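*Asks:* Starting off with a structure, shown below.
What follows is calculated from the coordinates using simple rules that are stated; it is not laboratory data. The shown structure was predicted, so the numbers you read here are calculated from the model rather than taken from an experiment. Note: ideal-geometry Cβ built from the backbone for every residue, glycine included; neighbour counts use all protein chains shown.
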Amino acid sequence: MGNLESQQQLPWFYRWTTTLDHKKIGILYLWTTLFFFAVGGMEAMLIRIQLSSPGNSLLSPEVYNQIFTMHGTTMVFLVVMPVLIGFANYLVPLMIGARDMAFPRLNAFSYWLYLLGGILLHVSFLAGGAPAAGWFSYAPLAGMGFSSTPGIDYWVIALLVMGIGSVGSGINLIVTILTMRAEGMTMRRVPLFVWMIFVNSFLIVMAMPILNASIIMLLVDRQLHTHFFDPAQGGSALVWQHFFWAFGHPEVYIMALPAFGMISEMIPVFSRKPIFGYTFIAGSTVAIALLSFGVWAHHMFAVGLGTHFNAVFAIGSMLIAVPTGVKIFNWIATMWGGAIRYTTAMNFAVAFLVEFVIGGLSGVMFAVVPIDWQVTDSYFVVAHIHYVLFGGTLFAVFGAVYYWFPKISGRLLCPKLGKWHFWVTVIGFNLTFLVQHFLGLMGMPRRVYTYPDEPWWGVLNGLSTLGAILMFIGAAIFFYNIIRTLRRGKLAGDNPWNAWTLEWATTSPPPENNFERLPVIKSRRPLWDLKNPDRPDWKFEHTGPEDSGHRGSKALASVKLFLLSESFFFFALMASFVIFGLRATGADAAARDSLDAVRTGIFTFFLIASSGTVWFAERSLRKGKTGVAVLGLLATIGLGLVFLSGQGTEYLGLWKEGITVDSTLFASSFFTLTGFHAFHVLLGLVALGITTVLVQVKRKGAETCLGAISLYWHFVDVVWILVFVLVYLVK
Amino acid sequence: MQLCPLISAASPQADSVATLFGWVLGVCGCIFLGIWLATAICSRRFRVHPHEEESTPDPKQIYGSRRLELIWTVIPAIIVGVFAVAAIAGMQTILPPMGDQKPDIIVTGHQWWWEIHYPEHGVVTANEFAIPAGKKTLVQLESADVIHSFWIPELAPKQDMIPGASRHIWLEPYEPGKFSGVCAEFCGTQHAWMRFEISSLAPEEFASWIAKQKAVAAASTMEGAKVFDEMNCRECHSIQGTEATANVAPDLTHFASRETLASGVVPNNRENLTQWLQDPDSIKPGSHMPNFNLSGTDISALVAYLETLR
């Protein structure tokens, strides 16, 4: 960023691939998701053409299963999630009056990981077949025994790569929102989109590591021949489901909350009224996020886990409908009494309200467990998820494109083409998915490549395909509108919608450093205050105490969030040890008893001691004693190495006894848990080594760096203490 | 199959679901109509046409209302509270625990067919089976490989079949009749053609059906029986009364009395059976039945033999 001048002289390809500007990265996200939206859309069209009549043989079952798996995976991980992250990337710094994200390099890294993951996933087509076990990869179908082509392995690696990138984005966005807000922009004044992204990023940071831990176990199952998810060898098919949905349900809200944020920006501006009940909308978002971690088993009602178990999750799932409903009512109350401008963006926002309510209400119906038993895994669910994700999230995204495109490109999308796009899409969407409710009620299961010629099935499926063709035409109009507008669209000016949040207080597109000058921020709508000095918001709406100006340290905040994420990762691995390792019987129990708790206890002592030395180093550096600090750090590294060598000795001993990762379930969970801990120790040692050099050469910022790494090191030690108790002491 | 299982519910279990569905749909429908109406009113009453935008002043700025917001928090909470009670009550009526009752039927899901076992009668069959009408039948559900799900839309809600664990479900058809069943959990290549037929029979008919299933043909001397032996068909299939006892693939003891081939793909007739033996993939691509490249004579002999297994 410092070499702005030289950046602009580079050819466009280098400019875009080396950029660290949050706006350029945001645009990269948007183009890439648009591309994958086309890919996933083509897959959807293939699905609908195959199903247009009973007994169609266009696609073989093998190909169809790959296509529907890729459609789901693409739309969830390569379109909906990243398009929301892309908008957040572009808008959050602008909305809070910042120059960029907190960590521009991490930001770019996250994007490139996402692209890499998307490419990896599609390479599978050339490498023996795409994954074909559904986007949820249920065990044991996704195991080597039933899916022997490398498709699932590509699926795992791609998700892992993207998962790491998403956690990076989540941390980056939270730290940006916490530490980069302009003067006056308190947490109670940030636009609701920013607030939703803030909560959403916590969901990403906490839910992705659960997915990462479980897909790692799946990969270890497939490649190192362990049996976590293989019931034939003592593993469990259901543990996969619990883990996957413990991630999967927060994921649903990861795909919904930012859309709620977009709606909360558009509806007020086009109704010419402030959002109705900012606090309630923000607060209900937190409630949704918390509840979303306690409802995963509503994906498993038909698994047969018992009335009590189902009842708990039914109640949780019902509860989550309440804060979601609050938002709907608040949006309507915002429109009520307004002076509503039905622009294309507003059209999509209102359509979002109606379609999302259909999807939300059918969701409530699923929480009434016996109804779920009847309609789950039928086309009723297909209809439900598309009403939530397409009629919900994607309609909000379409609206957002029409709303923010002028800011991003400087040009207004053609409203006439926009109306065509809107109506063709709305009609096509409802035709496609409304009839699928009936197909589900009539008994048509989902994920079938063909179906018998039952009365009306062919007709309804044909109608659904017709609707899909309309949606395809709608998407084509949308693409054409974008390309046409970029060439010769009407110029937008700074604030074409007469909106009130900070991104409209700069030029369209904004300059590299975002703002020449920021308006005074005393309320949630700084530009309203600017235009209406006679009736500014801050006179009528109390938004908490004035800004204290305190923003906190980026480094510490990011490390704390990283550790939050890591603790969910280790929690999942420990849970798998409790499930598979602690219940060990027979040969497993013998393997457990052969662990030497005393010897490991001694090595544990070394590791705990290293927490002391790193603390000592930190304290010395703060006092300016560089030499002592370096000694403390070297001691820490030494103690860490002693611990690792202890673990190495133990592994060697077990290996000599013939106990390896694939020998028993106990061994699998033992090696996975302790192995990943050792890996973290190793990473910590590398980071400590770098820090030692930084301290030695008295590099600026070495103290912050040491503060962050010592926090990480304490975390690794605490995790080990838990692991030690769990593995060696609990009998 | 009837047009809509929820309208033509054929058992008390399906009836309970249908009633519950009706009420919940009614309430949700009203909520939807209310919200739809509100947005419709907004777009009529509060719309500003593009040419009036300049001249329309900003409306009164309202920031919220605690009282209204509390109302629309509490009322939905009460509604979902009622739903939760209904859900729990429904679960207890539809799927009461089996206690120590012995199952009448054990159904095992295989990729991609159904193994049916009547433990009390020692009867084994596949893909097509019968239960008595007007009586509660306890079905135990197992899986031999991956997760499947047992679903007869008109008779009962679905229940997953989990490898390594047993599940159960109650079937209680009011009347005699025929019902289609289907695997509802994605289970691999031929998930789509993992269907079955279940007949609900009057008690005396059910008894004679069981008796017929128990009857076992003596070992045959037909040419086809020899081909069956030579081609090692019994590595996977069983025919009771002969040396073929495997259960990797469907039991063939009463094969000729079945209406469909390959779990519902095509009608069970000579033409289709011949094609199935020539090239299984042409009927059910990806099925685990191998293509043995049988000669025309062998196939005719096998078909002739299989047709005697009534």
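*Asks:* If you count, for every residue in B:75-86, the Cβ atoms of partner chains within 10 Å of its Cβ, what is the mean?
*Replies:* Mean partner shielding for this stretch: 6.
*Asks:* Counting alpha carbon pairs within less than 8 Å and at least 6 residues apart, what relative contact order, in whole percent, applies to chain A?
*Replies:* Numbers: 1101 pairs, mean separation 100.0, N = 731.
Computed over chain A, the figure is 14 percent.
*Asks:* Take the alpha carbon gyration tensor of chain B, find the square roots of its eigenvalues, order them as a ≥ b ≥ c, and report rounded if a/c is under 1.5; if not, report prolate when a/b exceeds b/c, else oblate.
*Replies:* Prolate, since a/c reaches 1.5 and a/b exceeds b/c.
*Asks:* Between the alpha-carbon centers of the stretch A:27-66 and the stretch B:6-39, tell me the distance in whole angstrom.
*Replies:* Rounded to whole Å, the Cα centres lie 32 Å apart.
*Asks:* With no solvent and one point on each alpha carbon, what is the Debye value of log10 I(q)/I(0) for the stretch A:83-170 at q = 0.11, 0.16, 0.24 Å⁻¹?
*Replies:* -0.41, -0.69, -1.08
*Asks:* Fewest Cβ neighbours within 10 Å first, please rank B:ARG66, A:ARG484 accordingly. Don't skip to the answer; put the middle values down first.
*Replies:* On the way: B:ARG66 10, A:ARG484 14.
Fewest-to-most Cβ neighbours within 10 Å comes out as B:ARG66, A:ARG484.
*Asks:* To check you understand DSSP bridge types, tell me what percent of the beta bridges within the protein assembly as shown (both residues inside) are antiparallel, rounded to 5.
*Replies:* 75 percent
*Asks:* On the Cα set of the stretch A:352-477, report Rg and Dmax in Å, please.
*Replies:* 16.5, 53
*Asks:* I need B:MET289, B:MET91, A:MET144 ordered by Cβ neighbour count within 10 Å, fewest first.
*Replies:* Exposure proxy ranking, most exposed first: A:MET144, B:MET289, B:MET91.
*Asks:* Tell me, what is a quarter of the convex hull surface for the C-alpha atoms of the stretch A:581-729, in nm² with one decimal?
*Replies:* Averaged projected hull area, Cα only: 8.3 nm².
*Asks:* With a 10 Å Cβ neighbour count serving as the proxy for reagent exposure, in which order, fewest first, do B:LYS136, A:LYS623 appear?
*Replies:* Arranged by neighbour count, lowest to highest, B:LYS136, A:LYS623 become A:LYS623, B:LYS136.
*Asks:* I'd like to compare A:416-426, A:372-382, B:48-58: which one has the highest average count of other Cβ atoms within 10 Å, and what's the full order after that?
*Replies:* Values: A:416-426: 19.4, A:372-382: 25.5, B:48-58: 10.4.
Descending mean neighbour count gives A:372-382, A:416-426, B:48-58.
*Asks:* Next question. Given q = 0.10 Å⁻¹, what are the Debye log10 I(q)/I(0) values for the stretch A:186-292, with equal point scatterers placed on the Cα positions and solvent ignored?
*Replies:* -0.42
*Asks:* Compute from the Cα atoms of the protein assembly as shown the Rg and the Dmax, the latter being the longest Cα-Cα distance, and quote both in angstrom.
*Replies:* Here Rg and the maximum Cα pair distance are 31.4, 104 Å.
*Asks:* Right, something else. Taking every pair of distinct Cα atoms and averaging 1/r, then inverting, what Kirkwood hydrodynamic radius in Å comes out for the stretch B:1-144?
*Replies:* 21.2 Å
*Asks:* Turning to a different aspect of this structure: If I model the stretch A:106-154 as equal point scatterers sitting on the Cα atoms and use the Debye formula, what is log10 I(q)/I(0) at q = 0.16, 0.20, 0.22, 0.26 Å⁻¹?
*Replies:* -0.50, -0.68, -0.75, -0.89
*Asks:* Then there's this: For B:HIS51 and B:GLN101 in one chain, what is 0.36 nm times their gap in residues minus the Cα-Cα distance, to one decimal in nm?
*Replies:* On the way: separation 50, 0.36 × 50 = 18.00 nm, distance 7.55 nm.
Result: 10.4 nm gained on full extension.
*Asks:* Additional query: Take the alpha carbon atoms of the stretch B:159-201, find their center, do the same for the stretch A:370-391, and report the distance between the two centers in whole angstrom.
*Replies:* Using only Cα atoms to place each centre, the spacing works out to 20 Å.
*Asks:* How much net charge surrounds B:SER295 when only other residues with a Cβ under 13 Å from its Cβ are counted (Lys, Arg +1; Asp, Glu -1)?
*Replies:* Charge balance in the 13 Å sphere: -3.
*Asks:* Related question: Step through the residues of the stretch B:122-134 one at a time and calculate ³J(HN,Hα) from phi using the Karplus curve (6.51 cos²θ - 1.76 cosθ + 1.60, θ = phi - 60°), rounding each to whole Hz and writing x for Gly and Pro.
*Replies:* My calculation for the stretch B:122-134 gives x, 9, 10, 8, 8, 6, 9, 8, 10, 9, x, 7, x Hz in order.
*Asks:* Using the Cα atoms of the stretch A:24-539 to build a convex hull, what is its mean projected area in square nanometres?
*Replies:* 23.3 nm²
*Asks:* I've got another one for you. Mean Kyte-Doolittle hydropathy of 0.0 or higher plus an axial Cα length of 30 Å or more: which whole DSSP H helices in chain B meet both? Can you show the working numbers first?
*Replies:* Working: long enough: B:12-45 (49 Å, 1.11); B:66-94 (42 Å, 1.53).
Correct list, ordered by number: B:12-45, B:66-94.
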